[in-house]
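Let me begin by presenting the structure, written as structure tokens, before commenting on it.
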Amino acid sequence: MTQSSTLVSFTGVQKTYDGTHLVVRDLNLDIQKGEFLSLLGPSGSGKTTTLMMLAGFESPTAGEISLAGVPITRTPPHKRNFGMVFQNYALFPHMTLAENIAYPLTVRKLPKAEREAKVLKALDMVQLGRMGSRYPGQLSGGQQQRVALARALVFDPQLVLMDEPLGALDKQLREHMQLELKALHRRLGVTFVYVTHDQTEALTMSDRVAVFNDGMIQQIDVVDNLYETPVNRFVASFVGDSTVLEAKVTGLDGAHCLVSLPNGVQLRGLNVNAASVGDAVQCGTRPERLRIADTAGANTFQSKVLDVIYYGDHLRLQCELPGQSDATIKMTLGHHQLPEPGQMIHVHAPVEHLRIYR
């Protein structure tokens, strides 16, 4: 992307609280104008600390954060002009919804008429147009979250930061709000930076996802690349389901390598991060890429069916391999020849979808 489309840059940013352990280590990240970027990772991976440094609530131990090319590392939060949405909503219970939403405008000393017009527009934006006179206590969790979002957007910030904003909602409401947020982002064109530990949420909503682990970005990519071409073991295991086989590299073949499972079965797959002959590796593939084969053949292994599990929109076979973790095969409904538990089957792993990680 061109330099002009970069809104925020982290350059060599580090953060430590105790002087020894780095919570964020050497972070270099460009956030593009108008994109929906999710910071995804497990607890303690550095994603929330990164968001808090961007908001100005935490200061980097080293490095620089820039907004449109101007350093903001030492700019206080209230002067950064960013919208913030938290998991606990942080609404004032004694104020009406309209007063809550107007609060950032009041602080900025906007004239009353302009304030009122912007509040009405913000209420309409989150589909709460007629509810401005109600109080937060009279609303459901989903409605409160919409008010928090309206308050973050009402002063037309160039950046909206969200920290697990849907975490307190039930599954159905959370999924509904994900779609609403995505539609709102598309409509407004504001830059969203969104922290979550929920991979489905990140994949559903984002233009790009930065996967954090151990204080570092492991991979940053558009969602389909992240799912289909993870760059290391961690990303492969954290984003989406994977069937993983332990093996040893026996030969190299350009971008591919040959591996041997403990039972002697030979497989061929993509050599993702330069494994060498003799290396102990993991072979990872998505469960929906595995197929039941009629006979033994290239890139097949034999497995015993332990269970057939019905998931509503698909079936999963749990399969046992000697000396390996159980393998999962994801199948569409209406499969004409479904194996029974206890049956031995041949499983085919397509070469182009079998990724070898050292």
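The values are calculated or read from the model by the stated rules, or taken from the named source; none is laboratory data. If you're wondering where the values come from, they're calculated on a predicted model, not measured in any experiment. Quick reminder, even Gly has a Cβ in these numbers, built from the backbone with ideal geometry, and neighbours come from all protein chains shown. The area values use the complete protein model at the heavy-atom level, side chains included, leaving out ligands, DNA and RNA. Shrake-Rupley method; radii C 1.70, N 1.55, O 1.52, S 1.80 Å.
General observations
- In the chain, the DSSP-assigned H stretches of four residues or longer account for a calculated mean residue ellipticity at 222 nm of -7000 deg cm²/dmol, using -39500 (n - 2.57) per stretch and the full residue count as denominator.
- Cα-based helix-to-principal-axis angle, 141-153 vs the chain, degrees rounded to 10: 60
- Both the radius of gyration and Dmax for region 180-219 are 11.4, 35 Å, in that order, over alpha-carbon atoms.
- Per principal axis, descending, Cα span of region 246-355 in whole Å: 41, 24, 22
- Solvent-accessible surface (1.4 angstrom probe) belonging to E352, in square angstrom, nearest 10: 120
- Where R174, R316, R187 fall by accessible area, highest first, once all protein chains stay in place (1.4 Å): R187, R174, R316
- Solvent exposure of region 51-99 amounts to 50 Å² per residue of accessible area, where only protein heavy atoms count and the probe is 1.4 Å.
- D (Stokes-Einstein, µm²/s), Kirkwood Cα radius, region 1-149, 1.002 mPa s at 20 °C: 122
- Nearest 10 degrees, 0 to 90: helix 171-188 Cα axis against the chain principal axis: 60
- In region 77-231, the ratio of gyration radius to Kirkwood radius, Rg to Rh, stands at 1.00 when only Cα atoms are counted.
- Excluding ligands, DNA and RNA, the accessible surface per residue across region 231-345 is 50 Å² with a 1.4 Å probe.
- Sulfur and carbon atoms: percent of accessible area, region 48-187 [1.4 Å]: 53
- Nonlocal Lys pairs with alpha-carbon distance under 29 Å, the chain (8 or more apart, or different chains): 29
- Multiplying the residue separation of M344 and S43 by 0.36 nm and subtracting their alpha-carbon distance yields 104.4 nm.
- Antiparallel DSSP beta bridges within the chain, percent to nearest 5: 75
- Percent of alpha-carbon pairs separated by more than 16 Å within region 298-346: 38
- Charged neighbours of N232, selected by a Cβ distance under 13 Å, balance to +1 (K, R count +1; D, E count -1).
- Relative contact order (percent, whole number), the chain, Cα cutoff 8 Å, 6+ residue spacing: 15
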